[in-house]
Amino acid sequence: MTPVGTTYLENYTPAADVLVVAVCVVFVILIRSAYINRTRSFRYLRHMIYMAVVASVSNLIFHGILPRAATLPNILIYLPHLLFHASLYSILWLQVQYLKETVRLTFRENRLYTVLSSSGLVALIVLEIVQPLFGFGFYMGADNTLHREIPAFIFGYVFFVLLMLSMLLKYREMIFRAILVGILSSVSISFLLMLIQEWVGETSYTVFTFLFPIYALLYLAHSNPYDLEIGAVDERAFTDLVAISYEHKDELYLMSLYMHDYDGKGQHYPEELQKMIKHFVYKFFKHPTLFLISGGHMILVVRTSSDPGYLEGAEKMIEEFMKLYSEYKIDYKIVYTKNDVRLAEDNDVVNFIKYLHFDMDENSISKPGDKEIEAYLRYKYIVSELVDINNKHDLNDPRVLVYCQPVLNIKTGKYDTAESLMRLDLPKTGLIYPDEFIYIAERLKYIYTLTQIILNKTCLKIKEMLENGYYIQRISVNFSVYDIREPDFCETVEKIIRDSGVPYDKVAIEITETQNERDFENIKKRIDELKESGVRFYLDDFGTGYSNFERIMELPFDIVKFDRSLVIASGSGNKYKSMVSNLAMMFDNGDYSVLYEGVENDEDEKRCIDMNAKYLQGFKYSKPIPIERLTEYLDKGHED
């Protein structure tokens, strides 16, 4: 038996629990300042901190009233002691839930650990409640003495520690090794200290030992330090803030600054620029936060509800930034926007801003609205469809359509060739034209799959038209320089044509000229390889690019396509017409046939024929039409 207040007070010092409360307050302050990711596992961690405070405060109250226990109702002794142990059990239960989130258990395994931990928690709390009622374990005797016969808490503690250790060891492959070692070490040290404390009869440091695993988890899994140079947190913190704001319907105002000069590896902001950034962060807004998205990309965020003067502050910041720009001359792109719910829902704000950067001029400011957001959402949808088309790699994918523009053969006066053109027909948007998706496909490296689909469908259609008796000299298919770079380019093209069953000379490949030395050598090699099989080659868009005649003459093209810009130029006067005509004659003398694109009226037609045209193509004859309608322009029979 233990006299009231004697051993408990002799083996207890309040300093440890006061320190726990202080440390937990510091944790909370740091959490609020560091923009730690607010995941479900973090919520468990945050509640562990709250429970540690409750446990320490309860323990302080319990030991504070012990000296007066004889004069107080027993319930006032039991309640703080019960709350003390219940809070500690809750921390252990929360640690189990945290680990369940970390190892991502299956439904069955998750249910098992949930049942075990929850049953243990309930059983231990019930045990704490019934001890005083039935006079065992911890209770106050009739003679005002405290009894502590069975250390129930230590058994509950061991139960939860063993449960956690079994989970960590069983699913250790699911946890990054450094984090696993940190968690195991902190849990082991806490358990060891708890045993030592129990062994020596000390009672002061119980709650303090619970802080080790909490600190380990906070540091290893949730830390998000500031960049010490400019006082910013990283993109992970930004996406977390967007998610929380969306959940709580908080409106954010975002000011994005991108400077490509500092976007490379190893780049550092000059000291003057760092001072400028820090100055901007706090001068114009009440509660701003700066996020470093990449080396040269920063986003300053304010909550509109807590900073009603944000628009005025933004305008003042721009004015001051422009003054500094005139001094430092660092290229920039600035975007000002609110966090639209359509972007926040998928946490897509950063990608939206990067999308805007792609089309922005240097040293420009964008304040996007609904139009830009709708355009981005459309872009995002197109990207998702291109990803799916590329991944499925179905050469008959119904979303990729072949359109054709008939080409007039001047010699025969008939339409016996055509150019294949690409369209997309997507479920949510309908028909999409090349200027909206080709650059995306090239940038994301999906163009090769699209080109293969167009080539395959074109070949199958040629086969069908030939079998139905239509005469067609050839149909050309546009190939990107990105296609030419593929190592299996020639093998793929030959296989598609061969599998379709059409003669190789019924297919032509259109390639745009390039300045790149490596691409030039690739094109030359590909032409040499495929020409042996009978495939024809067109030089597309002559007159819009580099136009190095010496280089072009090295490439054995069959047809050179003069861009519409040359057709227009030739109509500006006799001098221009003579220059274009002489260019065409040079190619004609070199056994290259000249095709003029963009012929729109009788005047264009007559002028191009005068300028050594062999083929004409343009809206005068037909706009691009589905390839299924090409037979409307073809004759049946054989070549004359």
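The values are calculated or read from the model by the stated rules, or taken from the named source; none is laboratory data. Because the structure is predicted, anything quoted here is derived from the model rather than measured. Positions of Cβ are backbone-derived with ideal geometry, glycine not excepted, and every protein chain shown enters the neighbour counts.
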Notebook entry, point to check: Within the stretch 547-562, restricting attention to residues that are at pLDDT below 90, in contact with an Asp or Glu (Cβ under 8 Å, 6 or more places away or on another chain) and under 30 Å from N601 (Cβ atoms), which residue is surrounded by the fewest Cβ atoms within 10 Å (Cβ to Cβ)?
Noted result: S547
Item checked: Boolean, V302 is at pLDDT 85 or above and within 19 Å of A237 (Cβ to Cβ) -> yes
Check: Within the stretch 355-370, is there a residue that is touching a Leu at 6+ places or on another chain (Cβ under 7 Å), without any contact (Cβ under 8 Å) to a residue 40 or more places away in the chain, aromatic (F, W, Y) and at negative phi?
Finding: no
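Within the stretch 331-350, can you find the residues that are of a type outside the set (A, V, I, L, M, F, W, C), surrounded by 15 or more Cβ atoms within 10 Å (Cβ to Cβ) and either under 14 Å from the mean Cα position of the chain (by Cα) or outside the structural domain of Y246 (by TED's automatic domain parsing) (or both)? So that I can check it myself, show each step before the final result.
Step one: filter the stretch 331-350 for residues of a type outside the set (A, V, I, L, M, F, W, C), giving 331-333, 336-340, 342, 345-348.
After this cut, where a residue has to be surrounded by 15 or more Cβ atoms within 10 Å (Cβ to Cβ) as well, the list is 332-333, 336-340, 347-348.
Those that are of a type outside the set (A, V, I, L, M, F, W, C), surrounded by 15 or more Cβ atoms within 10 Å (Cβ to Cβ) and either under 14 Å from the mean Cα position of the chain (by Cα) or outside the structural domain of Y246 (by TED's automatic domain parsing) (or both): N347, D348.
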Checklist line | Pick from the stretch 454-496, criterion touching a residue at least 60 places away in the same chain (Cβ under 8 Å) and among the polar types (S, T, N, Q), ranking: nearest to N522 (Cα to Cα) | finding: N478
Check: Taking the stretch 356-372 on its own, how many of its residues are part of a helix (DSSP H, G or I) and crowded, with 18+ Cβ neighbours inside 10 Å?
Finding: 2
Next item on the list: Identify, from the list L408, L395, L386, L424, the residue that is in contact with a helix residue (DSSP H, G or I) (Cβ under 9 Å, 6 or more places away or on another chain), part of a loop (DSSP other than H, G, I, E, B), modelled with pLDDT of 95 or more and farther than 28 Å from Y262 by Cβ.
Entry: L395
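Residues checked against (1) in contact with a helix residue (DSSP H, G or I) (Cβ under 7 Å, 6 or more places away or on another chain); (2) more than 14 Å from T451 (Cβ to Cβ):
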position: Q473; (1), (2): no, yes
position: F479; (1), (2): yes, no
position: Y482; (1), (2): yes, no
position: V493; (1), (2): yes, no
position: V502; (1), (2): yes, yes
position: E510; (1), (2): no, no
position: D519; (1), (2): yes, yes
position: N522; (1), (2): yes, yes
position: D528; (1), (2): no, yes
Next item on the list: Determine whether the stretch 612-633 contains at least one residue that is surrounded by fewer than 19 Cβ atoms within 10 Å (Cβ to Cβ), touching a Cys at 6+ places or on another chain (Cβ under 9 Å) and β-branched (V, I, T).
Entry: yes
